[in-house]
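The values are calculated or read from the model by the stated rules, or taken from the named source; none is laboratory data. Fair warning: this is a prediction, and the values are worked out from it, not measured in the lab. Cβ sites come from the backbone with ideal geometry, for glycine too, and all protein chains shown count toward neighbours. The protein model used for the area step is the full one, side chains on, heavy atoms only, and it has no ligands, DNA or RNA in it. Shrake-Rupley method; radii C 1.70, N 1.55, O 1.52, S 1.80 Å.
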Amino acid sequence: MKKLINAPEDVVREALEGMQAAHADRLRICFDPFYVVRKDATAKGKVALVSGGGSGHEPMHGGFVGYGMLDAACPGHVFTSPTPDQMYEAGKAANGGAGVLQIVKNYTGDVMNFDMAADMLRDEGIAVESVLTDDDVAVEDSLYTAGRRGVGLTVLMEKLLGAAAEKGMDLAGLKALGDRIRASGRSMGMALTPCTVPHLGKPSFELAENEMEVGIGIHGEPGRHRVPIAKADEVAAMLMEPVLSDLPFKAGESIILFVNGMGGTPLIELYIVYRKAAEIAAKHGLTVSRSLVGSYITSLEMAGTSVTALRCDDTLLGLWDAPVNTPALRWGV
Amino acid sequence: MSAFSLSQALAWIKAAAQSIDANAAHLSELDAAIGDGDHGANMARGMAAVTKKIDSAPPADLAALFKSVGMTLLSSVGGASGPLYGGFFLELGKQSAGKTELDAAGLAAVLGAGLGDIRRRGKAEPGDKTMVDALIPAIDALAAASDLAQGTAKAAETARAAATATAPMLARKGRASYLGERSIGHQDPGANSVALLFAALAQACA
């Protein structure tokens, strides 16, 4: 294992210490229990957005804490859901009196831990709603699984709901908007290489030089299909076609197209994928109104990409364009 | 031995912590095959926190012990195992409130309530390739026994066999479910940590 770390057991804490040092102007980090919160307290009457998940997906979620996005984020151990006490303390710290909206990726552990935290916050008289993301079309048989995984759409969800909360939307409105976004976006990912969880010290699965894994999640877990390696254009088609046919997206619709890097793929390759993904969208009669290209929801050093398409209208485009000022996403400020 | 009291419960938890620690790498390897490879590390971290907690604040009775174990696991394990095992022990705490001794049937009833909490939370059915597949037959074996030592020994043996028997099952819950057919042939890591827990219980009641 070749990693820029000091000791596997210190990875999460030391990364948070680094974040605190780098972004002291806008973030406050609590170390017992771990959570990241906006330094400027949530405005009175603004709903607090709280998310969280295992570490190893940086910049998600801590890098999205700030004006126009999240109010707090709870980092778990690498690829492990955070615990209810973290979510409870983060919710209390972020609450501005208008309630807490939890943004939860659909994984068994995340859902159970956030549920427990929501109960604990409600016991304190704080109103809590939760929005789930489950946009991964690679999970084909959601009847006999834990359901579809929350992946790339989570980034767009946090940006859009963050903008709506900043504009003063109430808890019920945000919950409804979140559910609409959940129903309007789909994603799929692939990997060229596995990744190594620091405390395990070896790759989570093996891939030969001439193989790739299609339908990958974001936790180093194997995907659905292992196939011979293909060129970028073919990979873009392998991901885009299932994404577009699943919702389905219809000719004439407008989308936000997000090409994400898994952590170990350079931007130059992501743009090659985006080039073809946008071409495929156009071929389906879709208008790509906005785009995002970069590594925003990662799986440690895994090489690979995912594509996310979100059907949008003028309301969502307005929220997308609204100012955002976080360590990882910043425009309009 | 005829009764399960605070001293057996403490011995159980300490033996379980040692056993989970000793088998952490094995549990993580099982998890790496069909999940994300952290079950052993997460459980070992949780049980180490439990040991530290009960050493620093010795519980006065069964209910206090199980509540302390549950709360500590809840805040230290994470993932799905945290709420599942945490909720299990919190339920054991509720069920043993006011009791100082449990016979085999009483212990089986308390454990059965814990299993109920796991099933409510995780919504797993028998055969879904989860910890439930080891818990059900193990608790049934204990419930059928009249003697605590024999019953817990039988439960441990049953849990071990049941964990092994999860290998041919198709996973329908948790991250392993995303693998579909590829989950077949691997033992469920959660069922294996259950087997370690029951082996520790038998050791404490021998």
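For A:GLY178, the test of being modelled with pLDDT of 95 or more, open to solvent by 20 Å² or more (accessible area, probe 1.4 Å) and not in a strand (DSSP E or B) is failed. When you look at A:THR145, is it among the polar types (S, T, N, Q) and either within 14 Å of chain B (Cβ to nearest Cβ) or without any contact (Cβ under 8 Å) to a residue 24 or more places away in the chain (or both), yes or no? Criteria met by A:THR145. Only residues that are within 10 Å of chain A (Cβ to nearest Cβ), of a type in the set (D, E, K, R) and out of contact with any Ser or Thr (no Cβ under 9 Å at 6 or more places or on another chain) were counted across region B:27-65, and they come to 2. In this structure, does B:ALA60 turn out to be crowded, with 21+ Cβ neighbours inside 10 Å and either assigned to a loop (DSSP other than H, G, I, E, B) or more than 14 Å from the chain's Cα centre (by Cα) (or both)? No: the conditions fail for B:ALA60. Test A:MET112 against the stated conditions and say whether it is in contact with a Lys or Arg (Cβ under 7 Å, 6 or more places away or on another chain), open to solvent by less than 20 Å² (accessible area, probe 1.4 Å) and of a type in the set (A, V, I, L, M, F, W, C). It is true that A:MET112 is in contact with a Lys or Arg (Cβ under 7 Å, 6 or more places away or on another chain), open to solvent by less than 20 Å² (accessible area, probe 1.4 Å) and of a type in the set (A, V, I, L, M, F, W, C). As for region A:6-26, it holds at least one residue that is surrounded by fewer than 13 Cβ atoms within 10 Å (Cβ to Cβ) and either touching a Gly at 6+ places or on another chain (Cβ under 9 Å) or polar (S, T, N, Q) (or both). Screening region B:94-106 for residues that are part of a helix (DSSP H, G or I) and touching a Gly at 6+ places or on another chain (Cβ under 8 Å) and picking the one that is least open to solvent (accessible area, probe 1.4 Å) gives B:ALA104.
Look at B:ALA165 and say whether it is more than 13 Å from the chain's Cα centre (by Cα) and at pLDDT 95 or above. So that I can check it myself, show each step before the final result.
Numbers: more than 13 Å from the chain's Cα centre (by Cα): yes; at pLDDT 95 or above: yes.
Yes: the conditions hold for B:ALA165.
A:GLY220 passes every criterion in (1) in a loop (DSSP other than H, G, I, E, B); (2) within 30 Å of A:CYS312 (Cβ to Cβ) apart from (2).
From B:SER75, B:SER68, which residue is among the polar types (S, T, N, Q), within 13 Å of chain A (Cβ to nearest Cβ) and part of a helix (DSSP H, G or I)?
B:SER75
For region A:232-254, the criterion of being touching a residue at least 40 places away in the same chain (Cβ under 8 Å), assigned to a strand (DSSP E or B) and either over 22 Å from the mean Cα position of the chain (by Cα) or more than 14 Å from chain B (Cβ to nearest Cβ) (or both) is met by at least one residue.
Reported count of residues in region B:24-39, each being open to solvent by less than 50 Å² (accessible area, probe 1.4 Å) and either assigned to a helix (DSSP H, G or I) or over 14 Å from B:ARG175 (Cα atoms) (or both), is 9.
Filter region A:148-171 down to the residues that are within 12 Å of the chain's Cα centre (by Cα) and within 14 Å of chain B (Cβ to nearest Cβ) and list them by number. Please lay out each step first, then the result.
Taking region A:148-171 and keeping what is within 12 Å of the chain's Cα centre (by Cα), we get A:149-159.
Of everything in region A:148-171, those that are within 12 Å of the chain's Cα centre (by Cα) and within 14 Å of chain B (Cβ to nearest Cβ) turn out to be A:ARG149, A:GLY150, A:VAL151.
Among the residues making up region A:147-163, those that are touching a strand residue (DSSP E or B) at 6+ places or on another chain (Cβ under 8 Å) and either among the acidic types (Asp, Glu) or part of a loop (DSSP other than H, G, I, E, B) (or both) are A:ARG148, A:ARG149, A:GLY150, A:VAL151, A:GLY152, A:GLU158. For B:ILE20, the conditions (1) modelled with pLDDT of 95 or more; (2) open to solvent by 20 Å² or more (accessible area, probe 1.4 Å); (3) farther than 18 Å from A:PRO82 by Cβ; (4) in a helix (DSSP H, G or I) all hold with the exception of (2).
The set of residues from region A:118-146 being in contact with a strand residue (DSSP E or B) (Cβ under 9 Å, 6 or more places away or on another chain), assigned to a loop (DSSP other than H, G, I, E, B) and closer than 23 Å to A:SER245 by Cβ comprises A:ASP134, A:ASP135, A:VAL137, A:ALA138. Among the residues of region A:192-218, those identified as more than 13 Å from A:GLU301 (Cβ to Cβ), within 10 Å of chain B (Cβ to nearest Cβ) and without any contact (Cβ under 8 Å) to a residue 40 or more places away in the chain are A:LEU200, A:PHE205. Provide a single number: the residues in region A:31-63 that are within 14 Å of another protein chain (Cβ to nearest Cβ), under 22 Å from A:ILE126 (Cβ atoms) and in contact (Cβ under 8 Å) with a residue 60 or more places away in the chain. Number satisfying all stated conditions: 1. When region B:1-17 is filtered for residues that are open to solvent by 30 Å² or more (accessible area, probe 1.4 Å) and of a type outside the set (S, T, N, Q), the ones remaining, listed by number, are B:MET1, B:LEU6, B:LEU10, B:ALA11, B:LYS14. Among the residues examined, A:LYS276 does not qualify as surrounded by fewer than 23 Cβ atoms within 10 Å (Cβ to Cβ) and within 14 Å of chain B (Cβ to nearest Cβ).
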